[in-house]
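Shown below is the structure under consideration.
The values are calculated or read from the model by the stated rules, or taken from the named source; none is laboratory data. In this text, all values refer to a predicted model and were calculated from it rather than measured experimentally. Cβ coordinates were reconstructed from backbone atoms using ideal geometry, including for glycine residues, and neighbour counts include every protein chain displayed.
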Amino acid sequence: MEISVIASGSNGNCCLVEHQGVSVLIDAGKSGSEIETRMKKLNKNLDDVDGIVITHAHSDHISGAGVLSRRFGIPVYTTKEVHSHAKLGKFESKIFSGDFKINNLKVKPVATSHNVNSCGFVIGKFGYFTDTGVVTNHMKKAIPNLNSILLESNYDAELVHNGRYPAFLKKWILSDEGHLSNDDASSIIQEKGKNLTLVLLGHLSGNHNTPGIASETFNTLVKKKIDFSVCSRDKESGTWKI
């Protein structure tokens, strides 16, 4: 399996998973041209992508999906609710309500907790979980079976409390339907990630986090040797072979 992080952050998300001869994009939250450019830098080609799976209908996860579907003939897999809220124009739509396959590759949706209908995905032994205010019971059940994960590590709580956002927005970020903190992300890796050999910390906030703070928290709370990287908000992060 190869994992390529094309974009990760509140300014756009996209991850390529290649496994068993099948290529899947998880989210497409940058423009089609930007995703294409970043993938080429990683020697990846959109002509090879067999499907785009969408976690939820916020723009930083879906904005390029319609364009890529039309331009490259790639079907887009969403829940019925996400499809009804996504304003992407005409595209090839596939609706899922449980586990599904792209060609012969099984994709397992895993419920997350956000202010809209949302999920993460497990493909093989890789899990992708962003935009969740808490680690859900479904995530807790899935993580021990994974050997690699991209997990949201969105904010440092102190930076949120001391930041300039209005009180209602701070309350939402910190809520069970907001985002996952550095502390919570690292704690669940320590608690449940017994088989993990690779952790990618993603979806960092531009206002309430830094790669250094996320890394320091991880190194403090995770008491076992695991290869980890903090994904870039500004460019493609790279490719990892699992």
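Across the stretch 175-221, what is the number of residues that are among the β-branched types (Val, Ile, Thr) and either within 18 Å of the chain's Cα centre (by Cα) or within 20 Å of Lys141 (Cβ to Cβ) (or both)? Reasoning before the result, please.
At the first step, the residues of the stretch 175-221 found to be among the β-branched types (Val, Ile, Thr) are 188-189, 197, 199, 210, 213, 217, 220.
Narrowing further to those that are either within 18 Å of the chain's Cα centre (by Cα) or within 20 Å of Lys141 (Cβ to Cβ) (or both): 188-189, 197, 199, 210.
Total satisfying the criteria: 5.
Now, a different point. Every residue in the stretch 226-242 that is surrounded by fewer than 17 Cβ atoms within 10 Å (Cβ to Cβ), within 19 Å of Glu191 (Cβ to Cβ) and not β-branched (Val, Ile, Thr), please.
Filtering the stretch 226-242 for residues surrounded by fewer than 17 Cβ atoms within 10 Å (Cβ to Cβ) gives 226-227, 232, 234-235, 238-239, 241-242.
If we keep only those that are within 19 Å of Glu191 (Cβ to Cβ) too, we end up with 226-227.
Across the stretch 226-242, the qualifying residue is only Asp227.
Restricting attention to strands (runs of 3 or more DSSP E) lying wholly within the stretch 1-114, give those where 1 or more residues are over 24 Å from Thr239 (Cβ atoms), in contact with a Lys or Arg (Cβ under 8 Å, 6 or more places away or on another chain) and polar (S, T, N, Q). So that I can check it myself, show each step before the final result.
Details: elements: 2-7, 14-19, 22-26, 51-53, 76-78, 93-95, 100-102, 105-111.
In the stretch 1-114, 76-78 are the strands (runs of 3 or more DSSP E) which contain 1 or more residues that are over 24 Å from Thr239 (Cβ atoms), in contact with a Lys or Arg (Cβ under 8 Å, 6 or more places away or on another chain) and polar (S, T, N, Q).
Hey, Glu191 hits all of (1) farther than 24 Å from Leu16 by Cβ; (2) touching a strand residue (DSSP E or B) at 6+ places or on another chain (Cβ under 7 Å) but one; which does it fall short on?
Result: Glu191 passes all but (2).
Considering the stretch 197-241 alone, what residues qualify as being over 29 Å from His58 (Cα atoms), in a loop (DSSP other than H, G, I, E, B) and among the hydrophobic types (A, V, I, L, M, F, W, C)?
Val222, Ile226 - these are the residues of the stretch 197-241 that are over 29 Å from His58 (Cα atoms), in a loop (DSSP other than H, G, I, E, B) and among the hydrophobic types (A, V, I, L, M, F, W, C).
List the pairs whose first member sits in the stretch 38-55 and is within 21 Å of Ile123 (Cα to Cα), whose second member is aromatic (Phe, Trp, Tyr) and surrounded by fewer than 19 Cβ atoms within 10 Å (Cβ to Cβ), and whose Cβ atoms are under 7 Å apart, counting only residues at least 6 apart or on separate chains?
Taking only residues 6 or more apart or on different chains, the pairs are Leu46/Phe72; Asp47/Phe72; Val49/Phe72.
Separate question: Can you tell me which residue within the stretch 133-158, out of those that are part of a loop (DSSP other than H, G, I, E, B), touching a residue at least 60 places away in the same chain (Cβ under 8 Å) and within 16 Å of Gly193 (Cβ to Cβ), is nearest to the chain's Cα centre (by Cα)?
If we take residues in the stretch 133-158 being part of a loop (DSSP other than H, G, I, E, B), touching a residue at least 60 places away in the same chain (Cβ under 8 Å) and within 16 Å of Gly193 (Cβ to Cβ), then Ser153 is nearest to the chain's Cα centre (by Cα).
With respect to Gly133, is the statement that it is small (Gly, Ala, Ser) and closer than 24 Å to Ala28 by Cβ true? So that I can check it myself, show each step before the final result.
Numbers: small (Gly, Ala, Ser): yes; closer than 24 Å to Ala28 by Cβ: yes.
Considered against the rule, which asks whether it is small (Gly, Ala, Ser) and closer than 24 Å to Ala28 by Cβ, Gly133 comes out as yes.
On to the next question. Test Ser59 against the criterion of being among the hydroxyl-bearing types (Ser, Thr, Tyr), modelled with pLDDT under 95, closer than 25 Å to Ser97 by Cα and surrounded by 16 or more Cβ atoms within 10 Å (Cβ to Cβ), and give yes or no. Walk me through how you get there before you give the answer.
On the way: among the hydroxyl-bearing types (Ser, Thr, Tyr): yes; modelled with pLDDT under 95: yes; closer than 25 Å to Ser97 by Cα: yes; surrounded by 16 or more Cβ atoms within 10 Å (Cβ to Cβ): no.
Spelling it out, it is not the case that Ser59 is among the hydroxyl-bearing types (Ser, Thr, Tyr), modelled with pLDDT under 95, closer than 25 Å to Ser97 by Cα and surrounded by 16 or more Cβ atoms within 10 Å (Cβ to Cβ).
Inside the stretch 34-54, can you point out the residues that are β-branched (Val, Ile, Thr) and touching a strand residue (DSSP E or B) at 6+ places or on another chain (Cβ under 6 Å)?
We begin by selecting, within the stretch 34-54, every residue β-branched (Val, Ile, Thr); these are 35, 37, 49, 52-54.
If the condition is that a residue be β-branched (Val, Ile, Thr) and touching a strand residue (DSSP E or B) at 6+ places or on another chain (Cβ under 6 Å), then Ile35, Val49, Ile52, Val53, Ile54 are the ones that fit.
Take the residues of the stretch 80-117 that are within 23 Å of Ala157 (Cα to Cα) and polar (S, T, N, Q): which is surrounded by the most Cβ atoms within 10 Å (Cβ to Cβ)?
Narrowing the stretch 80-117 to residues within 23 Å of Ala157 (Cα to Cα): 112-116.
Now restrict to residues that are polar (S, T, N, Q): 112-113, 115.
On the way: Thr112: 24, Ser113: 19, Asn115: 14.
Restricting to residues being within 23 Å of Ala157 (Cα to Cα) and polar (S, T, N, Q), the top hit is Thr112.
Determine the pairs where a residue that is among the acidic types (Asp, Glu), located within the stretch 84-98, has a partner that is surrounded by 15 or more Cβ atoms within 10 Å (Cβ to Cβ) with Cβ atoms under 6 Å apart, the partner being 6 or more residues away or on another chain.
Glu92/Ser69; Glu92/Pro75
Limited to the stretch 173-225, what total is found for residues that are out of contact with any helix residue (DSSP H, G or I) (no Cβ under 7 Å at 6 or more places or on another chain) and surrounded by 21 or more Cβ atoms within 10 Å (Cβ to Cβ)? Outline the logic, then answer.
In the first step, residues of the stretch 173-225 are kept if they are out of contact with any helix residue (DSSP H, G or I) (no Cβ under 7 Å at 6 or more places or on another chain); the result is 175-177, 180, 184-185, 189, 191, 197-198, 200, 202-203, 205-207, 210-212, 215-216, 219-220, 224-225.
Checking which are surrounded by 21 or more Cβ atoms within 10 Å (Cβ to Cβ) leaves us with 180, 184-185, 189, 200, 202-203, 205.
The number of residues fulfilling the criteria is 8.
Can you find a residue in the stretch 118-132 that is among the β-branched types (Val, Ile, Thr) and in contact (Cβ under 8 Å) with a residue 60 or more places away in the chain? Lay out the reasoning, then the answer.
Narrowing the stretch 118-132 to residues among the β-branched types (Val, Ile, Thr): 122-123, 130, 132.
Filter once more, keeping what is in contact (Cβ under 8 Å) with a residue 60 or more places away in the chain: 123, 130.
Checked the stretch 118-132: at least one residue is among the β-branched types (Val, Ile, Thr) and in contact (Cβ under 8 Å) with a residue 60 or more places away in the chain.
Moving on to the next point. Consider Gly21 carefully, then state whether it is modelled with pLDDT of 95 or more and more than 16 Å from the chain's Cα centre (by Cα).
Numbers: modelled with pLDDT of 95 or more: yes; more than 16 Å from the chain's Cα centre (by Cα): yes.
It is true that Gly21 is modelled with pLDDT of 95 or more and more than 16 Å from the chain's Cα centre (by Cα).
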